[in-house]
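Enquirer: Sharing a structure, written as structure tokens. Questions coming.
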């Protein structure tokens, strides 16, 4: 029996185990679930050993543990692949919006509903089952395999970079692979080759020492909310171009060849507008919608507050106003440089009537990988074999910071082989994973590992 035959013959067994994994409420951000985090890590360790890994350990961090595993039976001449995933999940609240209990995985038609189905337990488990298929048929995978499964991705991966830096020899590999992204449709495979980074700050303007009566002081004391809104409005022009001097200095131009490749990504403008719930798109007119949301940097106010917001009227001139501002970044933009640039600019345009305080928050590097590497060719062929259709290349507007960490610390590139769908409701109630994609994913990963030996 071949690995593919084994995988096709064990769908029900794979699904039963995945349901067991999903039933563990491994919510990394909630203290009451700390025992569940250990339970999930231990469960995963046991499944890795059962799948054939010679070593699987639950390794402590200052937060939730990392699960590390290795299977190096292919020998020193074979390439080594590092598989990354995360076993923690988002909180399930609000529970009342779930049609089925979030931690009682339920099959409805061809979809499996439950928290973590697509992000990322279901996709992580694809790799475990692919390895099991090799063990039960040919004995070992064709390449050396290491696994790094963390428990803090949904809480900012606070301890991950330090773990990687402290275990460089243990994690040494030729290539990394991550299944924590999506494809364009049930029958439209895609490979993500670029991710945006992130810089995030919180700004507070303080005017008067305390709230004032607007009838007594309005018109003579500068209102912090008015001042902050004016400052924020000046950061972009009417078409969405960011006006901060130097912001675009390191932004790579999109070559025509790449724009042509991105244009191959199927896109339905009307469906996109409906999904977003907006009457018309907005942004840099010289770029397509797909380019704006994946290949261009952004600046967005994520929240703004100050003054009186409860029911009824209160004629207050507030003492303070605050806003959270995030910048999505593209390759070559350094999050720290951009943060410093934006903070310096905000300070320079602060009115003399105000004091400004800026809190630096999370950030992460953008990443872009070669589309012509041997590993990428193996991934391309694997999707074509697993789905019966060649994949398209696409950029992703969000961030997976570990991709940049692997580049900087381990010196390896990452192949992003996701299997989720756009309507999988990640981070929302009624998260799901399309089961045919789960099974095709296992087959695709088997093809990928078999192809890697040929290409690398």
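Enquirer: Being assigned to a loop (DSSP other than H, G, I, E, B), touching a helix residue (DSSP H, G or I) at 6+ places or on another chain (Cβ under 9 Å) and at pLDDT 95 or above: is that true of residue 133 here?
Expert: Answer is no for this residue.
Enquirer: Would you check if there is a residue in region 181-204 being in a loop (DSSP other than H, G, I, E, B), surrounded by fewer than 16 Cβ atoms within 10 Å (Cβ to Cβ) and outside the structural domain of residue 377 (by TED's automatic domain parsing)?
Expert: Scanning region 181-204, I find no residue that is in a loop (DSSP other than H, G, I, E, B), surrounded by fewer than 16 Cβ atoms within 10 Å (Cβ to Cβ) and outside the structural domain of residue 377 (by TED's automatic domain parsing), so the answer is no.
Enquirer: Here is a follow-up. Does residue 243 count as more than 30 Å from residue 289 (Cβ to Cβ), at pLDDT 95 or above and outside the structural domain of residue 406 (by TED's automatic domain parsing)?
Expert: no
Enquirer: Name the one entry in 116, 52, 85 that is in contact with a helix residue (DSSP H, G or I) (Cβ under 6 Å, 6 or more places away or on another chain), surrounded by 22 or more Cβ atoms within 10 Å (Cβ to Cβ), in a loop (DSSP other than H, G, I, E, B) and assigned by TED's automatic domain parsing to the domain that holds residue 162.
Expert: Of 116, 52, 85, the one residue that is in contact with a helix residue (DSSP H, G or I) (Cβ under 6 Å, 6 or more places away or on another chain), surrounded by 22 or more Cβ atoms within 10 Å (Cβ to Cβ), in a loop (DSSP other than H, G, I, E, B) and assigned by TED's automatic domain parsing to the domain that holds residue 162 is 116.
Enquirer: Let me ask something else about it. Please find, among 125, 21, 95, 103, the residue that is in contact with a helix residue (DSSP H, G or I) (Cβ under 6 Å, 6 or more places away or on another chain) and surrounded by fewer than 24 Cβ atoms within 10 Å (Cβ to Cβ).
Expert: Only one candidate qualifies: 21.
Enquirer: Moving on to the next point. Looking only at region 333-370, which residues are in contact with a helix residue (DSSP H, G or I) (Cβ under 8 Å, 6 or more places away or on another chain) and surrounded by fewer than 20 Cβ atoms within 10 Å (Cβ to Cβ)?
Expert: Answer for region 333-370, where residues must be in contact with a helix residue (DSSP H, G or I) (Cβ under 8 Å, 6 or more places away or on another chain) and surrounded by fewer than 20 Cβ atoms within 10 Å (Cβ to Cβ): 349, 350, 351, 353, 354, 356, 358, 360, 370.
Enquirer: Is it true that some residue in region 212-233 is loosely packed, with under 11 Cβ neighbours inside 10 Å, more than 28 Å from the chain's Cα centre (by Cα), in contact (Cβ under 8 Å) with a residue 24 or more places away in the chain and not in a strand (DSSP E or B)?
Expert: Yes - at least one qualifying residue is present in region 212-233.
Enquirer: Answer yes or no: is there a residue in region 378-387 that is at pLDDT 95 or above and outside any helix (DSSP H, G or I). Talk me through it step by step, then tell me what you get.
Expert: Let us first name the residues in region 378-387 that are at pLDDT 95 or above, namely 378-387.
Still in the list and also outside any helix (DSSP H, G or I): none.
So far as region 378-387 goes, no, none of its residues is at pLDDT 95 or above and outside any helix (DSSP H, G or I).
Enquirer: Now for a different question. From 422, 429, which residue is touching a strand residue (DSSP E or B) at 6+ places or on another chain (Cβ under 9 Å) and either assigned to a strand (DSSP E or B) or surrounded by fewer than 19 Cβ atoms within 10 Å (Cβ to Cβ) (or both)?
Expert: Being touching a strand residue (DSSP E or B) at 6+ places or on another chain (Cβ under 9 Å) and either assigned to a strand (DSSP E or B) or surrounded by fewer than 19 Cβ atoms within 10 Å (Cβ to Cβ) (or both) holds for just one of 422, 429, which is 422.
Results for (1) under 19 Å from the mean Cα position of the chain (by Cα); (2) within 23 Å of residue 438 (Cβ to Cβ), shown as yes or no for each residue.
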| position | (1), (2) |
| --- | --- |
| 134 | no, yes |
| 137 | no, yes |
| 140 | no, no |
| 143 | no, yes |
| 148 | yes, yes |
| 152 | yes, no |
| 158 | yes, no |
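Enquirer: Taking into account only those residues within region 348-377 that are touching a residue at least 40 places away in the same chain (Cβ under 8 Å) and assigned to a helix (DSSP H, G or I), which is nearest to residue 327 (Cα to Cα)? Reasoning before the result, please.
Expert: First pass over region 348-377, keeping only residues touching a residue at least 40 places away in the same chain (Cβ under 8 Å): 349-351, 353-371, 373-377.
Filter once more, so that each one left must be assigned to a helix (DSSP H, G or I): 374-377.
On the way: 374: 33, 375: 31, 376: 29, 377: 32 Å.
Filtering first and then ranking leaves 376.
Enquirer: While we're here: Do the conditions hold for residue 398, that is, is it surrounded by fewer than 17 Cβ atoms within 10 Å (Cβ to Cβ) and within 21 Å of the chain's Cα centre (by Cα)?
Expert: yes
Enquirer: With the checklist (1) surrounded by 14 or more Cβ atoms within 10 Å (Cβ to Cβ); (2) in a helix (DSSP H, G or I); (3) assigned by TED's automatic domain parsing to the domain that holds residue 229 in hand, flag the one item residue 291 doesn't pass.
Expert: (3)
To keep it simple, each residue is scored yes or no on (1) out of contact with any strand residue (DSSP E or B) (no Cβ under 6 Å at 6 or more places or on another chain); (2) farther than 29 Å from residue 249 by Cα; (3) without any contact (Cβ under 8 Å) to a residue 24 or more places away in the chain; (4) not in a loop (DSSP other than H, G, I, E, B).
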site: 303; (1), (2), (3), (4): no, no, yes, yes
site: 308; (1), (2), (3), (4): no, yes, yes, no
site: 327; (1), (2), (3), (4): no, no, no, yes
site: 331; (1), (2), (3), (4): no, no, no, no
site: 336; (1), (2), (3), (4): yes, no, no, yes
site: 344; (1), (2), (3), (4): yes, no, yes, yes
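Enquirer: Condition check: more than 22 Å from residue 8 (Cβ to Cβ) and in a strand (DSSP E or B). Does residue 406 satisfy that? Please lay out each step first, then the result.
Expert: Details: more than 22 Å from residue 8 (Cβ to Cβ): yes; in a strand (DSSP E or B): no.
Answer is no for this residue.
The values are calculated or read from the model by the stated rules, or taken from the named source; none is laboratory data. All of these numbers come straight from a predicted model, not from anything done at the bench. Note: ideal-geometry Cβ built from the backbone for every residue, glycine included; neighbour counts use all protein chains shown.
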